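Trainee: Sharing a structure with you now.
Laboratory data are not the source of any read-out in this text; all were calculated from the coordinates shown. For clarity, every value in this text was computed on a predicted model and none was experimentally measured. Cβ sites come from the backbone with ideal geometry, for glycine too, and all protein chains shown count toward neighbours.
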Amino acid sequence: QVQLVQSGAEVKKPGASVNVSCKASGYTFTGYYLHWVRQAPGQGLEWMGWINPNSGVTNYAQNFQGRVTMTRDTSISTAYMELSRLISDDAAVYYCATERSRAADYWGQGTLVTVSS
Amino acid sequence: QSALTQPASVSGSPGQSITISCTGTSSDVGGHNYVSWYQQHPGKAPKLMIYEVSNRPSGVSNRFSGSKSGNTASLTISGLQAEDEADYYCSSFTSSSTPYVFGTGTKVTVL
């Protein structure tokens, strides 16, 4: 069965960077785009971008341009999302999800990122 | 790209039907048939309930149905059950530089 397993919770200081991983199993990793979505505490969902695991091509939301980098390592079926220059508003649960017909199909369990000095 | 507009809350009694609206523009909901709906229980990851406006992934109850008219999409839950109490989000592909946008979210309460 399809599984996306994300890395554990992180605590970062303002100005630092965070790197979240998403390990895929149960399907052909290079066959489906992988999206990143975040959710601040008590808030709604926010789309961050996607990566084509086959080509490495990415598409980032305008709000994150210049601060987010999505990469992948096909040898271990793992995608990564790095967010730099963290501010308090970046505190959120970060999710990865596979794509089906331009919808987010299978989701990871989420990674809590806390930003605190 | 502004978030799609959803009612903050909708409630209904067990067995009733409820409908959640999702209003966008001609650049997103009205311009594409890539509207999806997600259910999220507290502390859990979202779950895809509807994709391409009205398609259900396997395993999703047929009590959930989706539709669209103009710039507004809708999710209907029929035969409301206690387990349907959750937050629901719509999403749409867009023609803007940010290709996906989510709705503001709707809390469904089963009375």
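Trainee: In whole Å, largest first, what are the principal axis extents of the Cα atoms in region A:1-84?
Mentor: Principal extents (largest minus smallest coordinate, Cα): 36, 24, 24 Å.
Trainee: Under the rule of at least 5 residues apart or a separate chain, name every residue whose amide H is placed under 5 Å from the amide H of B:T25.
Mentor: Amide H neighbours of B:T25, under 5 Å, 5+ apart: B:G30.
Trainee: Mind checking the mean number of beta-carbon atoms from other chains within 10 Å of the Cβ atoms in A:93-99?
Mentor: 2
Trainee: Mean separation of Cα pairs under 8 Å and 6+ residues apart, divided by the residue count of chain A: what relative contact order is that in percent?
Mentor: Values: 287 pairs, mean separation 43.2, N = 117.
Contact order relative to length: 37 percent.
Trainee: Provide, for q = 0.08, 0.15 Å⁻¹, the log10 of I(q)/I(0) from a solvent-free Debye sum over equal Cα point scatterers in the protein assembly as shown.
Mentor: Normalising to I(0) and taking log10 leaves -0.28, -0.99.
Trainee: Under a plain spin-label model, where a point goes 7 Å from the Cα along Cα-to-Cβ, how far apart in nm are B:H41 and A:N19?
Mentor: In this crude spin-label approximation the distance works out to 3.5 nm.
Trainee: Something else: Please report how far the C-alpha centroid of region B:74-109 lies from that of region A:30-60, rounded to the nearest whole angstrom.
Mentor: Going from one Cα centre to the other spans 18 Å.
Trainee: Rounded to the nearest 0.05, what FRET efficiency do B:S69 and A:S101 have when you use their Cβ-Cβ distance and R0 = 22 Å?
Mentor: Once the sixth-power term is evaluated, E becomes 0.60.
Trainee: Next question, about the same structure. Give the long-range amide H neighbours of B:N55: residues separated by 5 or more places, or on another chain, with amide H under 5 Å away, using H modelled in the peptide plane at 1.01 Å from N.
Mentor: Hits under the 5 Å cutoff: none.
Trainee: If each of A:N52 and A:R67 carries a label point 7 Å out from its Cα toward its Cβ, how far apart are those two points in nm?
Mentor: Going from the A:N52 label point to the A:R67 one covers 2.7 nm.
Trainee: Can I ask one more? Return P(r) of chain B (all Cα-Cα pairs; 5 Å bins starting at 0; whole %; ordered from short to long distances).
Mentor: Here the calculated profile for chain B is 2, 14, 25, 25, 19, 10, 4, 1, 0.
Trainee: Follow-up question, since we're still on this one. Note down the magnitude of the dipole of region A:75-117 about its Cα centre, charges +1 on Lys and Arg C-beta and -1 on Asp and Glu C-beta and zero elsewhere, to the nearest 20 debye.
Mentor: The calculated dipole for region A:75-117 is roughly 80 debye.
Trainee: Please compute the alpha carbon radius of gyration of region B:6-65, then divide it by the globular-protein estimate 2.2 N^0.38 Å. Two decimals is fine.
Mentor: 1.24
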